[in-house]
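In what follows, a structure is listed as structure tokens, so that the remarks can point back to it.
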Amino acid sequence: MERGKFITFEGIEGVGKSTNISHLVAAIEAAGHEVLVTREPGGTPMAERIRDLVASHGDEAMPDVAELLLVFAARALHVNNVIRPALEAGTWVVCDRFTDSSRAYQGGGRGLPADDIDLLADWVHGDVTPDLTILLDAPVEIGMQRAGKRSDPDRFESEQSEFFERARETYLRLAAGDPGRFVVVDATQPVDVVKAAVDAVAEVLLAE
Ligand code: TMP
């Protein structure tokens with residue numbers, strides 16, 4: 001049984017991940033592959049409960065290290081209970097965010113050491129890493145405008161633009177350091193142009 005491919009989408013809020021995930025998934029399905037679409041934090045019942053804990057404003061302080069460990073606890077559930085079994089059964093997995101989000105948000109945004117995040121990544125999912133990561137990139141002010149002002153922003157949406165600037169810079173640095181895995185798409189282009197870029201990525205991926 002050939003292992004399925006593992007594809008992740010990354011980017012700050014408002015860059016259009018959902019639309020482009022649907023677009024890529026349609027192309028993979030059209031080529032005859034089974035695809036599982038999932039997200040982080042979340043993707044299993046317990047991991048979704050952790051997502052609620054991490055994203056909501058609780059009634060006590062959330063130390064940065066607790067936030068990091070919670071997203072990795074959710075990831076341990078997701079990888080072991082859903083992602084690895086799917087890949088081993090030959091199913092392709094498309095995930096809305098994965099460990100690069102921890103590097104961007106908890107590393108870049110909160111300032112936690114990159115080495116600690118790499119250690120957790122290796123421990124939690126050393127054998128399960130994305131084959132391809134599509135980074136949808138846009139300046140923070142455009143992303144924030146598109147994400148719109150929610151009436152009840154969650155803990156992340158409540159952050160200042162500097163937090164997202166650091167997250168975006170981290171994403172771009174990660175992509176520059178690993179061009180074999182990352183494809184950076186300029187998400188400020190018109191929707192159809194972004195979709196065409198995702199199509200081009202799908203074509204290469206499906207031909208492999
Ligand atoms: P979203 O998937 O709807 O964008 O929301 C998930 C939020 O969680 C988003 O603000 C980024 C944040 N996040 C982290 O801070 N670290 C992580 O490892 C992941 C997966 C998400």
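The table below lists the values:
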item: Qualifying residues in segment 20-36 (those that are surrounded by fewer than 17 Cβ atoms within 10 Å (Cβ to Cβ) and either in contact (Cβ under 8 Å) with a residue 40 or more places away in the chain or hydroxyl-bearing (S, T, Y) (or both)) - the one nearest to P190 (Cα to Cα); result: S22
item: Test: residue in segment 191-202 that is under 19 Å from E40 (Cα atoms) and touching a residue at least 12 places away in the same chain (Cβ under 8 Å); result: no
item: Residue that is nearest to V25 (Cα to Cα) [pool: residues in segment 71-94 that are more than 9 Å from the ligand (Cβ to nearest atom) and touching a helix residue (DSSP H, G or I) at 6+ places or on another chain (Cβ under 7 Å)]; result: V94
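Rundown of residues vs (1) part of a helix (DSSP H, G or I); (2) modelled with pLDDT of 95 or more; (3) among the hydroxyl-bearing types (S, T, Y); (4) within 12 Å of the ligand (Cβ to nearest atom), yes/no style:
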residue	(1), (2), (3), (4)
S102	yes, yes, yes, yes
G111	no, yes, no, no
D115	yes, yes, no, no
D118	yes, yes, no, no
D122	yes, yes, no, no
T129	no, yes, yes, no
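Conditions (1) crowded, with 20+ Cβ neighbours inside 10 Å; (2) assigned to a loop (DSSP other than H, G, I, E, B); (3) of a type in the set (K, R), marked per residue:
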| site | (1), (2), (3) |
| --- | --- |
| F163 | no, no, no |
| A167 | yes, no, no |
| P179 | no, yes, no |
| T188 | no, yes, no |
| V194 | yes, no, no |
| A197 | no, no, no |
| A200 | no, no, no |
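The values are calculated or read from the model by the stated rules, or taken from the named source; none is laboratory data. All figures in this text were calculated on a predicted structure; none of them were measured in a lab. Virtual Cβ from ideal backbone geometry, glycine too; neighbours counted across all protein chains shown.
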